[in-house]
Amino acid sequence: MPRRTPRPAPLAAFTVLTVAAAATLGTGGTAAARAVLHIVVKDGVTQPVFSYKDAIREHVYVESPLDSDNDGKKDRINVDIVRPKETRQGLRVPVVMDASPYYDNVGRGNEGEKKAYDADGNPAKFPLFYDNYFVPRGYAFLAVDMAGTTRSEGCPVTGGPSDVLGVKAVIDWLNGRAKGFTAAGEAVKADWTTGRTGMIGKSYDGTLANGVASTGVRGLETIVPISAISSWYDYSRSNGVKYSNGYQPYLARVVDTDPPAKCQAVRDAMHQGEDDATGNYNAYWKTADYRHGTIGDVRNVRASVFAYHGVNDLNVKTDHFAKWWQGLAANGVRRKVWLSQRGHVDPFDIRRDLWVNTLHKWFDHELHKIPNDALRGPRADIEVGPDQWITQPDWPSRAARPVTVRPAADGSLGLKPATKGATASFTDAPGPQGGGYTEDELVADPTTAKPYRLAYVSAPLPRTGRLSGSPTAKLRVSLDKPTANLTAMLVDYGEDTRVDYLGPGSGIQTLTTEDCHGESTPADDACYRQTRTRTVTSAVNVVARGWLDAQNRTSLSRPAPLTPGKYYSVRWQTLAQEYVFKKGHRLALVLAGTDYDYNDDTATGAKVTVDLAGSSITVPVVLGEDASALVAPQPRGVWKGPQHVKLPRQEKKLY
């Protein structure tokens with residue numbers, strides 16, 4: 001049975017006043033409304049009746065349970081707070097919190113905003129719109145500096161224990177379970193809050209929300225993780241294949257603006273722990289695993305979850321969302337999701353007005369406990385083409401049916417297995433760049449044999465169908481060396497206009513015009529540059545990608561090298577996707593070794609022989625009961641795909 005946080009009893013100083021009873025207060029944030037200790041609700045959402053300009057701005061330090069910099073005292077975590085002035089008169093409000101390591105280095109949001117302080121050291125500017133919008137509606141907003149960053153003590157550890165437990169301590173302080181101090185060292189309590197907290201944030205910030213939720217901390221009512229990590233191993237590795245080397249200590253150094261010597265020993269230990277020599281999952285990675293780790297586990301989650309992810313995010317890849325979502329579903333967690341066709345982009349920069357309104361209703365329901373319709377209707381909003389959105393009851397689509405397509409000796413891709421004994425080979429070879437081959441090299445000229453890849457292409461698709469979920473590659477392979485990196489790509493050949501997720505902005509173009517959401521002050525305005533969708537028209541698109549180190553085929557922790565010349569069955573999932581394959585396009589399976597664009601790994605040089613009869617890829621397709629009708633049974637016919645392909649490498653934004 002999933003565990004739920006009991007709803008706190010109503011508080012005498014906290015009264016929800018419906019608009020019918022508050023007609024004399026007005027609806028536009030009047031002075032009369034601001035003079036009372038009431039939350040005003042109209043049409044199921046809170047109204048902006050509290051002054052943002054006059055709000056209390058302060059900072060406190062919360063004691064973490066850990067001493068991450070080994071200086072002999074527990075870390076103190078800086079918490080910058082803005083809350084309605086009425087909380088000095090007895091009003092108690094819930095909290096919206098964005099915990100981040102980025103407040104004084106790369107900044108937050110599309111415009112890279114940073115915090116600013118007044119002469120007394122209190123916050124004057126909070127990045128993003130959350131404070132401007134929610135404080136007038138009866139919330140406190142907290143911008144928390146992760147351990148070892150900005151004004152917090154300690155050392156950052158790239159998702160590890162002190163990162164997560166330092167933020168968890170703030171939730172505990174809000175609920176009377178941890179110590180807080182003023183800048184002068186005096187004890188301070190959060191007597192202005194109901195304790196109900198919602199965490200939100202993109203990238204590392206959303207990752208902290210996932211991590212804190214995975215501890216099961218009481219008082220965290222909901223999280224809104226945006227493009228968030230759920231296992232730091234999966235951020236640096238995929239089934240034993242390395243996406244990066246040295247990334248854990250590198251990112252810890254980026255977010256730490258203290259002198260390098262302070263946390264160098266901690267970063268040295270991180271470098272040893274991440275074990276770049278093997279790419280294996282180990283005890284170090286388990287401390288930064290929020291699905292099944294030592295600090296957190298998805299089975300502990302009490303908070304509801306409103307998740308967002310771009311299905312073409314190649315920074316925080318979709319397996320982070322998909323595996324987290326699967327665990328939440330198994331635990332019966334209340335949840336909602338938006339999935340876009342973009343890369344590492346915030347929904348505020350995609351469907352801005354609808355996002356703000358939906359988020360507002362969600363927080364009102366989960367934190368103010370207002371009985372609106374936030375949880376009614378379909379659970380999933382999904383973008384299936386540029387600015388084309390659909391809804392469905394859940395994700396993946398319950399209507400998706402598995403379609404298994406198979407490579408044939410003539411280079412075609414169809415429903416029937418290849419003739420027994422048919423094989424084909426490629427070499428996990430270094431490309432001209434020194435790693436593997438680039439994706440444009442792997443998908444160009446698909447009907448011409450290349451020594452570094454195999455390509456199998458279907459006949460024109462007789463119907464349109466939608467991929468919803470995670471395709472599964474299954475190969476029967478023989479190597480002439482103990483291991484090889486393996487890449488499987490599902491490719492769409494067909495002219496179309498798509499979201500340009502690989503190009504600048506990862507699918508958005510930032511404009512010079514602005515719009516505003518919330519109230520402003522001279523130091524902190526609520527206005528941000530508008531965006532529009534950036535598209536590209538092309539003849540080819542890599543739909544789904546997946547990677548495996550063959551020696552990790554049965555375990556991420558205990559590699560099992562292959563005996564050269566012996567056949568083995570290997571199976572792995574590609575990254576999750578939502579994608580429409582259109583009638584007349586061609587579906588392709590491309591098999592290769594090291595992917596230069598997304599693998600920071602050394603090609604092994606192994607020759608990989610594929611038993612075609614024992615190999616396939618299974619794709620979850622929404623197309624009625626007979627999903628196999630997506631693929632025509634006949635051979636592909638005479639066709640040559642694009643000879644020259646240029647696929648940019650998606651920019652990797654830390655934030």
Looking at this structure, is Asp275 in contact (Cβ under 8 Å) with a residue 40 or more places away in the chain, outside the structural domain of Tyr596 (by TED's automatic domain parsing) and out of contact with any His (no Cβ under 7 Å at 6 or more places or on another chain)?
-> no
Check Glu63, Glu111, Glu86 and return the single one that is modelled with pLDDT of 95 or more, farther than 19 Å from Thr194 by Cβ, in the same structural domain as Lys168 (by TED's automatic domain parsing) and surrounded by 17 or more Cβ atoms within 10 Å (Cβ to Cβ).
-> Glu63
Scanning region 206-216 for residues that are more than 10 Å from the chain's Cα centre (by Cα) and surrounded by 24 or more Cβ atoms within 10 Å (Cβ to Cβ), the one farthest from Asp145 (Cα to Cα) turns out to be Ser214
Of all residues in region 42-72, count the ones that are in contact with a Lys or Arg (Cβ under 9 Å, 6 or more places away or on another chain) and closer than 19 Å to Val135 by Cα.
-> 14
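Could you list, in sequence order, all residues of region 418-475 that are assigned to a loop (DSSP other than H, G, I, E, B), among the hydroxyl-bearing types (Ser, Thr, Tyr) and more than 23 Å from Val631 (Cβ to Cβ)?
If we filter region 418-475 for residues that are assigned to a loop (DSSP other than H, G, I, E, B), which is where we start, we get 418-422, 428-436, 438, 444-449, 451-452, 458-464, 470-471.
Right, trim to among the hydroxyl-bearing types (Ser, Thr, Tyr) and you get 419, 438, 447-448, 452, 458, 464, 470.
Correct list: Thr438, Tyr452.
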Condition test on Leu502, is it closer than 30 Å to Asp394 by Cβ, assigned to a loop (DSSP other than H, G, I, E, B) and touching a residue at least 60 places away in the same chain (Cβ under 8 Å)?
-> yes
Quick one: which residue in Gly565, Gly546 is in the same structural domain as Thr609 (by TED's automatic domain parsing) and on the phi > 0 side of the Ramachandran plot?
-> Gly565
State whether the residues of region 130-147 include one that is in the same structural domain as Asp80 (by TED's automatic domain parsing), crowded, with 24+ Cβ neighbours inside 10 Å and over 27 Å from Val356 (Cα atoms).
-> yes
Residues of region 560-608 that turn out to be under 23 Å from Lys640 (Cα atoms), basic (Lys, Arg) and touching a strand residue (DSSP E or B) at 6+ places or on another chain (Cβ under 7 Å), as a count | 2
Among the residues of region 173-215, write down those that are hydroxyl-bearing (Ser, Thr, Tyr) and over 19 Å from Tyr139 (Cβ atoms).
-> Thr182, Ser203, Tyr204, Thr207, Ser214, Thr215
List every residue pair whose Cβ atoms lie under 6 Å apart, where the two residues are 6 or more positions apart in sequence or sit on different chains, the first residue falls within region 301-314 and is within 17 Å of Asp387 (Cα to Cα), and the second residue, located anywhere, is assigned to a strand (DSSP E or B).
-> Tyr308/Ile226; Tyr308/Trp338; His309/Leu339; Gly310/Ser340; Val311/Leu339; Val311/Gln577; Val311/Glu578
Can you pull out the strands (runs of 3 or more DSSP E) entirely within region 541-650 that have at least 3 residues that are more than 23 Å from Arg401 (Cβ to Cβ) and over 28 Å from the mean Cα position of the chain (by Cα)?
-> 567-573, 607-611
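The values are calculated or read from the model by the stated rules, or taken from the named source; none is laboratory data. Model, not experiment: these values are computed from the prediction. Neighbour counts are summed over all protein chains in view; Cβ atoms, including those assigned to glycine, are modelled from backbone coordinates with ideal geometry.
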